[in-house]
Amino acid sequence: MAVITIARQLGAGGKTIGEMVAKRLGYTFVDNEIIQLAAEQANVSTDLIKSIEKDVSGKLAKFFSGLVPKTFSDRVREHDQAIINEEIYVDLLTQIIKNLAAKDNVVILGRGSQYILANAENTFHILLIADKAYRQKFLAKKYSLSYDQASEAIQVEDKRRQHLYRKFGRDDYDNWSNYHLILNMTRNKVETAVDQICTLATP
């Protein structure tokens, strides 16, 4: 019974490792796309809500039940539906991740979850890093990209990551003191990383 957050550099294998950890522990894996969909649920789009209900499995659907407080929905309705004020977005994201964590047995990938749940009990924060060559190779192989495409993706994602964390008033996302475990994937196998994370989170 634990919560695991995984922060990572793009190409360090965060999603792959997160999914493997969740499968081994019997946890629910929540990636960026699912959290984003949950945030968009507050934008009161009927079509979007229907698509969420259609695409999300029964196990994950339980996580969405009561996920977004009415107060946040009301705040979003006051703005253009195509635009979410940054303050509202950060507040909403914070509430979503806290609700996910409250349900326990979950692996949360990214979205500043290591900050939002910084002092939460029975929560373990992981950081995955790797050198650029490893990250390029990983992305190129996993997503059938050229090395130039992989390099561009890394550059874009690193900027997005910095931008998001600044919304939380933080720029120390790679600081070791934020994490229980830091894994350099340039020097570790994926299976080894999964073993170490599962061991950390298992009493």
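Looking only at residues in region 105-137 that are of a type in the set (D, E, K, R) and part of a helix (DSSP H, G or I), the one that is surrounded by the most Cβ atoms within 10 Å (Cβ to Cβ) is 135. Taking first residues from region 1-16 that are closer than 20 Å to residue 133 by Cβ and assigned to a helix (DSSP H, G or I) and partners that are open to solvent by 10 Å² or more (accessible area, probe 1.4 Å) and acidic (Asp, Glu), the Cβ contacts under 6 Å between residues at least 6 apart in sequence or on separate chains come to 15/31.
Looking at region 149-166, can you tell me whether even one residue there is part of a loop (DSSP other than H, G, I, E, B) and either of a type outside the set (Asp, Glu) or at pLDDT 85 or above (or both)? Give the steps one after another, and end with the answer.
Taking region 149-166 first, the residues part of a loop (DSSP other than H, G, I, E, B) are none.
Checked region 149-166: no residue is part of a loop (DSSP other than H, G, I, E, B) and either of a type outside the set (Asp, Glu) or at pLDDT 85 or above (or both).
Of the residues making up region 61-77, at least one is under 20 Å from residue 25 (Cβ atoms), modelled with pLDDT under 90 and either open to solvent by less than 30 Å² (accessible area, probe 1.4 Å) or in a loop (DSSP other than H, G, I, E, B) (or both). Of all residues in region 98-121, at least one satisfies being without any contact (Cβ under 8 Å) to a residue 40 or more places away in the chain and within 22 Å of residue 199 (Cβ to Cβ).
Here is the figure for region 138-148: residues that are in a helix (DSSP H, G or I) and surrounded by 15 or more Cβ atoms within 10 Å (Cβ to Cβ) total 3.
Answer yes or no as to whether residue 102 is open to solvent by less than 70 Å² (accessible area, probe 1.4 Å) and either in contact with a Pro (Cβ under 7 Å, 6 or more places away or on another chain) or at pLDDT 85 or above (or both). Reasoning before the result, please.
Numbers: open to solvent by less than 70 Å² (accessible area, probe 1.4 Å): no; either in contact with a Pro (Cβ under 7 Å, 6 or more places away or on another chain) or at pLDDT 85 or above (or both): yes.
No: the conditions fail for residue 102.
The values are calculated or read from the model by the stated rules, or taken from the named source; none is laboratory data. Nothing here was measured: the structure is a model prediction, and the numbers come from that model. Glycine gets a Cβ as well: all are built from the backbone with ideal geometry, and neighbour counts include every protein chain shown. For the accessible areas, the whole protein counts, side chains as well, though only heavy atoms, and no ligand, DNA or RNA atoms are used. Shrake-Rupley method; radii C 1.70, N 1.55, O 1.52, S 1.80 Å.
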